[in-house]
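Here the structure comes first, spelled out in structure tokens, and everything after it is commentary.
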Amino acid sequence: MSTFEERLNQILPRLTSNELLNNQGLSNEIGFWVFDYPPERELEMRAFTTEVIEPALARNHPPIRFATVNVFDLAIRLLEERGLLDKAFEMQKTQGNDKALESLRRVLKEDKLAARLVSQLDLDNLDLVMLTGVGAAYPILRTHTLLSALHPLMKDTPLLMMYPGKYDGYSFRLFNTLSEDHYYRAFRLVS
């Protein structure tokens with residue numbers, strides 16, 4: 001098994017490969033990729049994404065056109081725009097976490113978030129979309145449901161999700177402890 005650092009060093013060669021960018025060798029699947037990592041390395045992963053991956057993609061020849069979307073920030077913006085963020089905080093204080101979560105889940109359904117995410121992107125002019133903030137969005141957002149909602153919307157644009165936990169090609173284990181439903185349409189970026 002590779003170390004975290006060795007796996008980090010494999011990200012850029014994979015992201016810049018023609019096979020990944022052109023969805024080659026995927027048995028007619030859309031290129032949905034997952035880079036799973038130890039949740040305790042979250043701060044290092046964030047720094048690596050912003051300080052190494054994003055600048056390297058921009059410097060690539062030709063530059064790789066990409067967008068990075070933090071799904072937690074996307075959810076917060078949607079709540080702010082609808083005037084619901086302060087109400088959610090108040091509900092949490094007065095009625096508890098469960099009631100607030102129930103209300104938020106109705107507003108932040110994964111299909112709505114997926115549509116919102118895609119509407120903010122010009123997929124025809126992107127080579128890659130990267131999703132971050134998955135851990136911060138839990139339990140409001142479920143990874144497998146978001147990916148399923150994005151699948152018909154992404155056209156041929158590859159997607160990479162940075163995932164704090166384990167993905168074995170069949171199921172997600174957020175934070176290496178929480179079990180989610182099976183999802184088998186994504187590929188591990190590196191082993």
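The values are calculated or read from the model by the stated rules, or taken from the named source; none is laboratory data. A quick note: this is a predicted structure, and the numbers were derived from the prediction, not measured. Backbone-built Cβ (ideal geometry, glycine too); neighbour counts: all protein chains shown.
Exactly one of (1) β-branched (V, I, T); (2) within 18 Å of N70 (Cβ to Cβ); (3) modelled with pLDDT under 90 is unmet by V129. Its number?
(3)
Checking H144 against (1) surrounded by fewer than 20 Cβ atoms within 10 Å (Cβ to Cβ); (2) more than 29 Å from E80 (Cβ to Cβ); (3) in contact with an Asp or Glu (Cβ under 8 Å, 6 or more places away or on another chain), only one condition comes out false. Which one?
(2)
Can you go through S2, S17 and tell me which one is free of Cβ contacts under 8 Å to residues at least 60 places away in the same chain, out of contact with any His (no Cβ under 6 Å at 6 or more places or on another chain) and under 26 Å from R185 (Cβ atoms)?
After applying the criteria, what remains is S17.
Return yes or no: is E19 under 21 Å from the mean Cα position of the chain (by Cα) and under 17 Å from A137 (Cβ atoms)?
For E19, the condition - under 21 Å from the mean Cα position of the chain (by Cα) and under 17 Å from A137 (Cβ atoms) - is not met.
Could you list, in sequence order, all residues of the range 139-173 that are touching a residue at least 24 places away in the same chain (Cβ under 8 Å), closer than 28 Å to F89 by Cα and more than 12 Å from the chain's Cα centre (by Cα)?
Scanning the range 139-173 gives P139, I140, A149, G165.
Does the range 72-95 hold any residues that are surrounded by 14 or more Cβ atoms within 10 Å (Cβ to Cβ) and either in contact (Cβ under 8 Å) with a residue 12 or more places away in the chain or outside any helix (DSSP H, G or I) (or both), and which are they?
Once the filter is applied, which keeps residues that are surrounded by 14 or more Cβ atoms within 10 Å (Cβ to Cβ) and either in contact (Cβ under 8 Å) with a residue 12 or more places away in the chain or outside any helix (DSSP H, G or I) (or both), the range 72-95 yields F72, L74, A75, L78, L79, L84, A88, M91.
Which ones in the range 63-78 are of a type in the set (F, W, Y) and over 13 Å from P158 (Cα atoms)?
F72 - this is the single residue of the range 63-78 that is of a type in the set (F, W, Y) and over 13 Å from P158 (Cα atoms).
Exactly one condition in (1) surrounded by 20 or more Cβ atoms within 10 Å (Cβ to Cβ); (2) not in a loop (DSSP other than H, G, I, E, B) is false for M154; which is it?
Of the numbered conditions (1) surrounded by 20 or more Cβ atoms within 10 Å (Cβ to Cβ); (2) not in a loop (DSSP other than H, G, I, E, B), the odd one out for M154 is (2).
Any idea which of Y170, Y163 is of a type outside the set (A, V, I, L, M, F, W, C), in contact with a strand residue (DSSP E or B) (Cβ under 8 Å, 6 or more places away or on another chain) and either farther than 28 Å from N9 by Cα or modelled with pLDDT under 90 (or both)?
None of the other options fit; the residue is Y170.
Can you name every residue in the range 122-138 that is within 12 Å of D73 (Cβ to Cβ) and free of Cβ contacts under 8 Å to residues at least 24 places away in the same chain?
Correct list: empty.
Let's see how each residue does on (1) farther than 21 Å from N22 by Cα; (2) of a type in the set (S, T, Y):
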site	(1), (2)
L85	yes, no
K93	yes, no
L113	yes, no
N125	no, no
A136	yes, no
H144	yes, no
T157	no, yes
T177	yes, yes
L189	no, no
